[in-house]
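A.B. asks: Before anything else, here's the structure in question.
Values quoted throughout were computed directly from the atomic coordinates according to the rules given, and no laboratory measurement underlies them. These numbers come from a predicted model, not from an experiment. Here Cβ is always computed from backbone atoms with ideal geometry, including for glycine, and neighbour counts include all displayed protein chains.
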Amino acid sequence: MIKYEKKAIKYSTIDMFDSTKNNILLLGKADTYKERCNIVNPRGKYNAEVLYGTDSDLYKAYKQCYDITQEYNIFTANCKTYLDFLNVMDLVLHYNFTYVVPMGIKFDDTFYNERTDRYEY
């Protein structure tokens, strides 16, 4: 298990994943570049606010989800681009998340995939 502290906030990486619980993963844009493409568990609203910014979609979603569940089983991933979403989804395949919530993506959107060098849906 990896734990680390930045600016008096404590949060953990995906290694804190507990497969016996209903785990939620929120993928979305933050106002910062902190923890870009990393799956982390902020372990509280204050930590999420410091990590992602008060007005960010990712913080607002985390706050709302935490207010509903009152649990620390909510994970986040700061995805700035569509390619970031793809990179994180490669990681997600190794874990058994109950809910994966991508924010800001429309499934009918096209985007340029740098891996395949073509536009995809």
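A.B. asks: Between THR110 and MET89, what is the FRET efficiency for a Förster distance of 25 Å, r being their Cβ-Cβ separation, to the nearest 0.05?
C.D. replies: Values: r = 17 Å, r/R0 = 0.68.
With a Förster radius of 25 Å, E is 0.90.
A.B. asks: Considering only DSSP states other than H, G, I, E and B, which chymotrypsin sites (Phe, Trp or Tyr not before Pro) in the stretch 24-54 qualify as loop sites with at most 12 other Cβ atoms within 10 Å?
C.D. replies: Working: sites: TYR33, TYR46, TYR52; in loops: TYR33.
Within the stretch 24-54, the qualifying chymotrypsin sites (Phe, Trp or Tyr not before Pro) (loop, at most 12 other Cβ atoms within 10 Å) are TYR33.
A.B. asks: Could you go through the stretch 36-48 in sequence order and give the Karplus-derived ³J(HN,Hα) for each residue, using 6.51 cos²θ - 1.76 cosθ + 1.60 with θ = phi - 60°, rounded to whole Hz, and x for Gly and Pro?
C.D. replies: Computed from phi, the couplings for the stretch 36-48 are 4, 6, 9, 8, 10, 10, x, 6, x, 5, 4, 4, 5 Hz.
A.B. asks: Also, quick follow-up: Would you mind calculating the relative contact order of the stretch 9-120 from Cα pairs under 8 angstrom and at least 6 residues apart, reporting the percent as a whole number?
C.D. replies: On the way: 190 pairs, mean separation 39.1, N = 112.
Taking the mean separation of contacting Cα pairs over the length of the stretch 9-120, I get 35 percent.
A.B. asks: Further, regarding this structure: Which of the GluC sites (Glu not before Pro) found in the stretch 40-116 are in a DSSP loop and have at most 11 neighbouring Cβ atoms, other than their own, within 10 Å? The partial results should precede the final answer.
C.D. replies: Values: sites: GLU49, GLU71, GLU114; in loops: GLU71, GLU114.
For GluC sites (Glu not before Pro) across the stretch 40-116 that sit outside H, G, I, E and B with at most 11 neighbouring Cβ atoms in 10 Å, the list reads GLU114.
A.B. asks: Right, next: What are the ³J(HN,Hα) couplings of the stretch 22-30, residue after residue, when phi is run through the Karplus curve with 6.51, -1.76, 1.60 and θ = phi - 60°? Round to Hz, x for glycine and proline.
C.D. replies: Ordered by residue, 3J(HN,Hα) equals 7, 9, 10, 10, 9, 10, x, 8, 10 Hz.
A.B. asks: Shifting gears a bit: Calculate one ³J(HN,Hα) per residue across the stretch 63-76 by plugging θ = phi - 60° into the Karplus curve 6.51 cos²θ - 1.76 cosθ + 1.60, and present them in order as whole Hz with x for glycine and proline.
C.D. replies: With coefficients 6.51, -1.76 and 1.60, one gets 4, 5, 5, 5, 4, 6, 8, 6, 10, 9, 9, 10, 9, 10 Hz.
A.B. asks: Rounded to whole Å, give me the distance from the Cα center of the stretch 19-35 to that of the stretch 72-121.
C.D. replies: Each part reduced to its Cα centre gives a spacing of 11 Å.
A.B. asks: Quick one: net charge of ARG36's neighbours, Cβ under 9 Å, K/R +1, D/E -1?
C.D. replies: Values: positive: LYS34, LYS80; negative: GLU35, ASP84.
That sum, taken over residues with Cβ under 9 Å, equals 0.
A.B. asks: Can I ask one more? Quick check on the exposure proxy: order PHE97, PHE85, PHE111 from fewest to most C-beta atoms within 10 angstrom. List each step's numbers first, then the result.
C.D. replies: Numbers: PHE97 17, PHE85 20, PHE111 14.
Least to most surrounded, the residues fall as PHE111, PHE97, PHE85.
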